[in-house]
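The values are calculated or read from the model by the stated rules, or taken from the named source; none is laboratory data. Because the structure is predicted, anything quoted here is derived from the model rather than measured. Cβ atoms come from the backbone with ideal geometry, glycine included; neighbour counts cover every protein chain shown.
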Amino acid sequence: MILQTAQAAVEIRKLEKWFGEFQVLRGIDLEVRVGEKVVICGPSGSGKSTLIRCINGLELFDRGHLIVDGIELKDDTRRIEEVRRHVGMVFQQFNLFPHLTVLENLCLAPIWVQGKPKREVEEQAMEYLKRVRIPEQAQKYPGQLSGGQQQRVAIARSLCMNPKIMLFDEPTSALDPEMIKEVLDVMVELAASGMTMLCVTHEMGFARQVADRIIFMDKGEIVEASDPQSFFTNPRSERTRSFIAQVLQHG
Amino acid sequence: MATAPLVQPWRRWVRAHPLQAALSLLGLVLGVYLLLPAIDWAILKADFRGADRSACDSGGACWVFVKVRIEQFMLGFYPSELAWRPLLTLGLWLLGMVPLFWHHMPGRWIVVPLQFLLLPFLSWAVLDGSWLGWERIESARWGGLLLTLLIASIGISLSLPLGILLALGRRSRLPVIKWLAVSFIEVWRGVPLIAVLFMASVMLPLFLPPGVEIDKLLRCLVGVTLFTSAYMAEVIRGGLQAIPKGQYEAAAALNLSFFQTMGLVILPQALRKVIPGIVNTFIGLFKDTSLVLIVGMFDLLGMVQAASTDPEWLGMAMEGYVFAGFVFWLFSFAMSRYSLRLEQRLQH
Amino acid sequence: MLSSARQRRSFMIQLLVALSVATGLLYLLHNTATNLAERGIASGFDFLSRPAGFDIAFSLIPFGEGASFARAFWVGVTNTLFVAGISMLVATAVGLAVALLRLSHNPLFKLLGGTYVEIARNIPLLLHLFFWYFAVLRNLPGPRQSLDFAGLVFLNIRGLYVPFPEERAAMIWLLLLFVLGLFLGHLLRGRAVRLRVTQGRFPWWHLLPYGIPLFLPGVFLLATAGSWTFRVPELQGFNFSGGLQLIPELVALVLALGLYTAAFVGEIIRAGIQSVPKGQREAAGALGLSRFDTLRLIILPQALRVVLPPLTSQYLNVTKNSSLAAAIAFPDLVLVFAGTALNVTGQAVEIMAMTMLVYLVISLSISYLIHCFQMRVLRYDM
């Protein structure tokens, strides 16, 4: 895995955001290198979801700088659309399109955004379905699949756009416990293939296995950022310590 | 984008959406341009005081017209000295709401089904008077808001039991009963209320044995009831479909008969679920009662329309319509807000 | 496994019910026959071929002197369909606008839309009708002081005058070609989209299908230019001649029906669009779909599923509510047939039966068409 030290995948400088009177992001500084896997954790309300939703323009920020894949994000729809072509996102609620089959879900964006011909797109889609291990579900509708299968389809759907960066917003939080593993396995495999990943999650086992860096956020700030080893054995801040204790208690 | 939220958000919005801002400004100006003369006519220049046409000389709205005719608009041709009887009727209906909401009333399970059938008869008895030994006021003299509310209430009250029977019939597994229920419902839902009123006015006398006369209002009520019961049946069917099969199974396990299951377990739940639907049907019926005007009865709108053709008050049509519109709007709006709140509360 | 006792009981119950209903019906029929005989009213449908003996104020098909009751019936049917059709168009267009107003982020637009809906739908339709007919249209000036729209359309107390070809039939051809054009345009556009999907780009002609509905009638107009004339209404003396006169009753009916129903349609469309979860928009956006494509491919298909059933019942309501024409003497089916013709002939049973049958057929046809659309195109079975 060769890291291109010249260009960062994501560069965040002094990012600030308000929801009305309430400041949800208080000056975030973060740099993610190409191929790096970053896990972001923290209590609810800490702003972690908001942060990664800023990265692909689903949320607009108020102050600071955000540069994704070399493109600086401003209040400009064309820039945002350009960024989104290189960044994929997987949602907590899967958000599959219920009126389309699994295959159609995967092919929609490559056809209409990238203008690729259908046959080529379908071949690639089947490849990705094989990679997430559910090629036989191609003609089914999302409503006919289990939660774990739906999330794997969602991951495959994002991958069909060949993104350079993948964002995960609590991908397993809406799943029944027995289906969490199948999704995490796909994410582990994705990590091993060299994808740059930013993942908001509570799954600490996954973090320990895959992350290059774990970031702990609380009340809109980054409290601590270190490699998994140091993070769990030697947390520097009191807040981090209590959070780890809570999370590990629930497994 | 990196502007602090200290810049007023609306200034940022105007800069970002210039076309929409221009349209909004235009809309605002237009609205004021149209609204000011209306307010001027209806309130500022309007005549509120006086007793006859001569008081209306300012060119604004002549509310004296409404004031002078208010009794007719409210009661039709019912003598105003006997206005206590319509009020008594109103009181009876309001009293009838009590068992619906007082969940622990003793004997509730007898009173509630019966009152839907009794209240219409009681209303007729009180208003007409002859059954109770009072001075008789024929139904042709009942009019105005009294008639509107009467037709709507009686219509809903009688269509509820009939609707329940039809809904149950439609869900029956016996083909004859199901087929009869479906035909009845689809026929009455497929034809306009006006056609039904025409049919009731013209054909009901034909269906009765020769020589039997049937009161004009009664014909309307029959038509309205049959028409509304078809819509009511569909509303109730929705509620019945929402009851989980487990309820039927539990009742069967407890060895309850069909009627016991329906009366004690299924219907109470189903009806509670569709109360908003029932209220909406009532609102629709309330608005539709003005159609009786076409078969010669004078509800609120009918009275207003008739009054506007009075030679003494020619040209007052607008005032009449605004008044009638306001009364209808008030009732409908209040009921629909109530229905919304009910729906929200029932979701908990 | 039904026990035979249970089967026998079901059978007995059904037999009982069927017998009671049949007895009741027979009793009613007997009474009816007696009453009709007593009043000297004929039975049967022969009356349909007799001359009607009355005049009809507005008709799309010719209704001259000595026209039969059957023709009067058809005038009623066509007038009803005509009024209902135009009102549905008005209601859909205005309803769409209202829905967009209520969905916008602009508080002024939202207020405008909301006020319109709350006022329009809480006032009885009959009152809407009286307002437009008695309070507005009756107060318009006479023909000599007509309101003039670009010298082509005129509005006065006698009605709305629009340009129309002298030969009525020509309009039917134009309309048919327009509808055919819509159909063809839809097919061709579908082909263009399929090419886009399989090849990755649109064919050069992909925007042309939008123009076909106008192109076809246009060609027809040019080809037959000499053989018929478009007449613009002209004031001659006290009245207008030429063109088509839409009587004020028709205008009032369309305005009242259209604007009343638009309030309900607007709410239905708004609820439909809002029913699509926000996550759908976000997911589409995250994939890089443009706002237009998101609307077209993701939002509208899902919204349409929610919108179609209640929208259908509103369209059915428009058809039934067109019978309010009776209140202002517009010759729709109810007024012409179940009103005037019934008064003249007294044959209530036959006439009411025919009238109710027409409405039933219309209701069931519309329901069935939409049902087919739902099953085939929207794939409700999924």
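Of all residues in segment A:227-238, those satisfying the criterion of being crowded, with 17+ Cβ neighbours inside 10 Å and either in contact (Cβ under 8 Å) with a residue 40 or more places away in the chain or in a helix (DSSP H, G or I) (or both) are A:PRO228, A:PHE231. Are any of the residues in segment C:84-100 surrounded by fewer than 17 Cβ atoms within 10 Å (Cβ to Cβ) and either under 24 Å from B:LEU330 (Cα atoms) or over 20 Å from the mean Cα position of the chain (by Cα) (or both)? Looking for residues that are surrounded by fewer than 17 Cβ atoms within 10 Å (Cβ to Cβ) and either under 24 Å from B:LEU330 (Cα atoms) or over 20 Å from the mean Cα position of the chain (by Cα) (or both), one finds at least one in segment C:84-100, hence yes. Could we say that C:PHE178 is touching a helix residue (DSSP H, G or I) at 6+ places or on another chain (Cβ under 7 Å), in a helix (DSSP H, G or I) and not acidic (Asp, Glu) here? Spelling it out, C:PHE178 is indeed touching a helix residue (DSSP H, G or I) at 6+ places or on another chain (Cβ under 7 Å), in a helix (DSSP H, G or I) and not acidic (Asp, Glu).
Restrict the check to segment C:199-220 and report whether at least one residue is surrounded by 16 or more Cβ atoms within 10 Å (Cβ to Cβ) and either in contact with a strand residue (DSSP E or B) (Cβ under 9 Å, 6 or more places away or on another chain) or among the basic types (Lys, Arg) (or both). Within segment C:199-220, not a single residue is surrounded by 16 or more Cβ atoms within 10 Å (Cβ to Cβ) and either in contact with a strand residue (DSSP E or B) (Cβ under 9 Å, 6 or more places away or on another chain) or among the basic types (Lys, Arg) (or both). Close contacts from segment C:350-362, counting a first residue that is at the interface with chain B (Cβ under 8 Å from one of its Cβ atoms) and a second that is among the aromatic types (Phe, Trp, Tyr), with Cβ to Cβ under 8 Å and a gap of 6+ residues or different chains, come to C:MET352/B:PHE198; C:THR355/C:PHE337.
Scanning segment C:30-48 for residues that are free of Cβ contacts under 8 Å to residues at least 40 places away in the same chain, exposed (fewer than 13 other Cβ atoms within 10 Å of the Cβ) and more than 7 Å from chain B (Cβ to nearest Cβ) yields a count of 4. When B:GLU213 is tested against (1) under 30 Å from C:LEU36 (Cβ atoms); (2) modelled with pLDDT of 85 or more; (3) surrounded by fewer than 18 Cβ atoms within 10 Å (Cβ to Cβ), exactly one condition is not met: (2). Going by the conditions given, is B:TYR321 buried (at least 20 other Cβ atoms within 10 Å of the Cβ) and of a type outside the set (D, E, K, R)? Yes.
All told, B:PHE227 falls short of being over 23 Å from C:ASN317 (Cβ atoms) and assigned to a helix (DSSP H, G or I). Within the bounds of segment C:38-52, is there any residue that is touching a helix residue (DSSP H, G or I) at 6+ places or on another chain (Cβ under 7 Å) and under 21 Å from C:ALA325 (Cβ atoms)? Yes, the conditions are met somewhere in segment C:38-52. If you go through segment A:42-58 and keep only what is assigned to a loop (DSSP other than H, G, I, E, B) and either farther than 17 Å from A:VAL68 by Cβ or of a type outside the set (A, V, I, L, M) (or both), you end up with A:GLY42, A:PRO43, A:SER44, A:GLY45, A:SER46, A:GLY47, A:ASN56, A:GLY57.
Just the residues that are surrounded by 15 or more Cβ atoms within 10 Å (Cβ to Cβ), assigned to a helix (DSSP H, G or I) and not basic (Lys, Arg), please, taken from segment C:115-125. Across segment C:115-125, the qualifying residues are C:TYR116, C:VAL117, C:GLU118, C:ALA120, C:ASN122, C:LEU125. The selection criterion, being under 25 Å from A:GLU59 (Cβ atoms) and out of contact with any Gly (no Cβ under 8 Å at 6 or more places or on another chain), holds for A:ALA211. All of C:ALA303, C:ALA341, C:ALA284 fail the test of being in a helix (DSSP H, G or I), more than 30 Å from C:TRP74 (Cα to Cα), more than 10 Å from every other protein chain (Cβ to nearest Cβ) and of a type in the set (Gly, Ala, Ser), apart from C:ALA303.
Please tell me if A:ILE80 is within 30 Å of A:ARG131 (Cβ to Cβ), within 14 Å of chain B (Cβ to nearest Cβ) and either surrounded by fewer than 16 Cβ atoms within 10 Å (Cβ to Cβ) or at pLDDT below 90 (or both). Considered against the rule, which asks whether it is within 30 Å of A:ARG131 (Cβ to Cβ), within 14 Å of chain B (Cβ to nearest Cβ) and either surrounded by fewer than 16 Cβ atoms within 10 Å (Cβ to Cβ) or at pLDDT below 90 (or both), A:ILE80 comes out as yes. Can you find even one residue in segment C:368-380 that is touching a helix residue (DSSP H, G or I) at 6+ places or on another chain (Cβ under 7 Å) and without any contact (Cβ under 8 Å) to a residue 40 or more places away in the chain? There is no residue in segment C:368-380 that is touching a helix residue (DSSP H, G or I) at 6+ places or on another chain (Cβ under 7 Å) and without any contact (Cβ under 8 Å) to a residue 40 or more places away in the chain.
Condition check ((1) assigned to a helix (DSSP H, G or I); (2) in contact (Cβ under 8 Å) with a residue 12 or more places away in the chain; (3) more than 9 Å from every other protein chain (Cβ to nearest Cβ); (4) over 13 Å from C:LEU126 (Cα atoms)) across all residues:
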{"site": "B:LYS287", "(1), (2), (3), (4)": "yes, yes, no, no"}
{"site": "B:GLY302", "(1), (2), (3), (4)": "yes, yes, yes, no"}
{"site": "B:TYR321", "(1), (2), (3), (4)": "yes, yes, no, no"}
{"site": "B:GLY325", "(1), (2), (3), (4)": "yes, no, no, no"}
{"site": "B:LEU330", "(1), (2), (3), (4)": "yes, no, no, yes"}
{"site": "B:ALA334", "(1), (2), (3), (4)": "yes, no, yes, yes"}
{"site": "B:ARG337", "(1), (2), (3), (4)": "yes, no, yes, yes"}
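Tallying residues that are outside any helix (DSSP H, G or I) and buried (at least 19 other Cβ atoms within 10 Å of the Cβ) within segment C:306-334 yields 3. Only residues that are of a type in the set (Phe, Trp, Tyr) and modelled with pLDDT of 95 or more were counted across segment C:223-263, and they come to 1.
Inclusion of A:LEU198 among residues that are in a helix (DSSP H, G or I) and either under 13 Å from the mean Cα position of the chain (by Cα) or exposed (fewer than 14 other Cβ atoms within 10 Å of the Cβ) (or both) is not warranted. A:ALA154 meets all of the listed conditions (1) within 12 Å of another protein chain (Cβ to nearest Cβ); (2) on the phi > 0 side of the Ramachandran plot but one, namely (2). All conditions but one from (1) of a type outside the set (Ser, Thr, Tyr); (2) within 14 Å of chain B (Cβ to nearest Cβ); (3) part of a loop (DSSP other than H, G, I, E, B); (4) closer than 23 Å to A:ARG157 by Cβ apply to A:PHE61; the one that does not is (4). Within the option set A:LEU96, A:LEU108, A:LEU100, being assigned to a helix (DSSP H, G or I) and either away from chain B (no Cβ under 14 Å) or over 30 Å from A:GLN23 (Cα atoms) (or both) holds for one residue only, A:LEU108.
Kindly evaluate B:LEU208 against the criterion of being within 13 Å of chain C (Cβ to nearest Cβ) and buried (at least 19 other Cβ atoms within 10 Å of the Cβ). So B:LEU208 fails the test. Scanning segment C:10-27 for residues that are more than 15 Å from B:PHE184 (Cα to Cα) and not β-branched (Val, Ile, Thr) returns C:SER10, C:PHE11, C:MET12, C:GLN14, C:LEU15, C:LEU16, C:LEU19, C:SER20, C:LEU26, C:TYR27. Within the set B:VAL14, B:VAL112, B:VAL68, B:VAL29, the sole residue that is assigned to a helix (DSSP H, G or I), surrounded by 13 or more Cβ atoms within 10 Å (Cβ to Cβ) and either free of Cβ contacts under 8 Å to residues at least 12 places away in the same chain or more than 28 Å from the chain's Cα centre (by Cα) (or both) turns out to be B:VAL14. Taking the stated definitions as given, is C:LEU253 crowded, with 22+ Cβ neighbours inside 10 Å and without any contact (Cβ under 8 Å) to a residue 12 or more places away in the chain? Here the answer is no, as C:LEU253 does not meet what is asked. All conditions in (1) in contact with a Ser or Thr (Cβ under 9 Å, 6 or more places away or on another chain); (2) farther than 23 Å from C:ALA135 by Cβ hold for C:ARG270, with the sole exception of (1).
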